[in-house]
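The values are calculated or read from the model by the stated rules, or taken from the named source; none is laboratory data. Note that the coordinates shown come from a computational prediction; the quantities given were computed from them, not determined experimentally. Ideal geometry is used to build each Cβ from the backbone, glycine not excepted, and the neighbour counts take in all protein chains shown.
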Amino acid sequence: MEVNFLPSFEKSLSKLAMRETWWYKTYSFFRYDLRAFFRNVWLFRKLLWNYRWWDYRFMLEGMKISLDDMAPKFEADGIEVDISRMKKVVMMKRASEIIGNFMEDNFIEQAETELGELPNYDFEFEDVEDRPGSSRLVDKLTVEEKEQERKVFDRARELEKLQWIELFSILKGQDPEEYASIRSLAGVGIDWNDWFNGSGMQGWWD
C-alpha cells in the first residue's frame, strides 16, 4: 500500500517541532502566556481578594466567573456548528444563573414571586409579665399570614433543592448510552441533535 502525504502535513509537523524549541517557548511566554496571566488576574480579581478556604461559595464563584467569560465567547466566536453550540450556550447561562441564585441566596424572593410576598411588619417588643426586665417580639401575624409564610418558606427550600440538582445535572450532562438505548427501543433513527440538550461540562470546549 502506498502512503502519500500532502505538503500541508509536512508543514504541520514543522510547526509542531518549532513549538518545542526554547526560542519559541520564550516568545510564546511573552506573547501569549504573560498576557493571559494578567488578564486572568483581572478577571478573577474579586474572587482572589475575597477567597477563603472555609466556604464553598468561593468555588461556585470561580465557576460562575468562568461561565460568564466562556458563554458569550462561545456564542459569538465558537467554531462548532450552531445547532449544538447554541444549546451549550443556553446550558452555560443557566448554570451561571443557578450559581448566582446560591451566591445571592434569593430563593425566598423566588418563592415570593410565585406565591406572593411575605407579610412585613416593623419589629415591636413587649414586656414579659412574669420576667421583669425581659421583653419578647410581638407576634402580629394572622392565621392566614402564618400560612402564607409557611408556604413561601417551604417553596424556597424546594427551589433550592431542585436547582442544586439541576446544576449538577447540567454539569454532568446526558448519558450517551441513553441515546443508544432510545434508538434501539424506537427502532428508527433518532438524530443526535434532537436528543442532545447542550449539557455536559466535558463537552464545553472550542
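Scan region 40-60 and report the pairs whose first residue is within 21 Å of N101 (Cα to Cα) and free of Cβ contacts under 8 Å to residues at least 24 places away in the same chain and whose second residue is assigned to a helix (DSSP H, G or I) and of a type in the set (S, T, N, Q), with Cβ atoms within less than 8 Å and a gap of 6+ or a chain change.
Close Cβ pairs satisfying both conditions: F58/N50.
Residues checked against (1) in contact (Cβ under 8 Å) with a residue 24 or more places away in the chain; (2) polar (S, T, N, Q):
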{"position": "S169", "(1), (2)": "yes, yes"}
{"position": "I182", "(1), (2)": "no, no"}
{"position": "L185", "(1), (2)": "no, no"}
{"position": "F196", "(1), (2)": "yes, no"}
{"position": "S199", "(1), (2)": "yes, yes"}
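For region 131-160, name all the residues that are touching a strand residue (DSSP E or B) at 6+ places or on another chain (Cβ under 9 Å) and either of a type outside the set (S, T, Y) or modelled with pLDDT of 95 or more (or both).
At the first step, the residues of region 131-160 found to be touching a strand residue (DSSP E or B) at 6+ places or on another chain (Cβ under 9 Å) are 133-138.
Within region 131-160, G133, R136, L137, V138 qualify.
Looking at I182, is it at pLDDT 95 or above and aliphatic (A, V, I, L, M)? Outline the logic, then answer.
Working: at pLDDT 95 or above: no; aliphatic (A, V, I, L, M): yes.
No; evaluated as a whole, the condition is false for this residue.
Looking at region 109-130, I want the residues that are assigned to a loop (DSSP other than H, G, I, E, B) and have a partner that is modelled with pLDDT under 75 with Cβ atoms under 6 Å, at least 6 apart or on another chain. Which pairs are those?
E124/V138; V128/R136
Does region 151-187 hold any residues that are part of a loop (DSSP other than H, G, I, E, B) and either farther than 18 Å from K88 by Cβ or aliphatic (A, V, I, L, M) (or both), and which are they?
Let us first name the residues in region 151-187 that are part of a loop (DSSP other than H, G, I, E, B), namely 173-175, 187.
G187 - this is the single residue of region 151-187 that is part of a loop (DSSP other than H, G, I, E, B) and either farther than 18 Å from K88 by Cβ or aliphatic (A, V, I, L, M) (or both).
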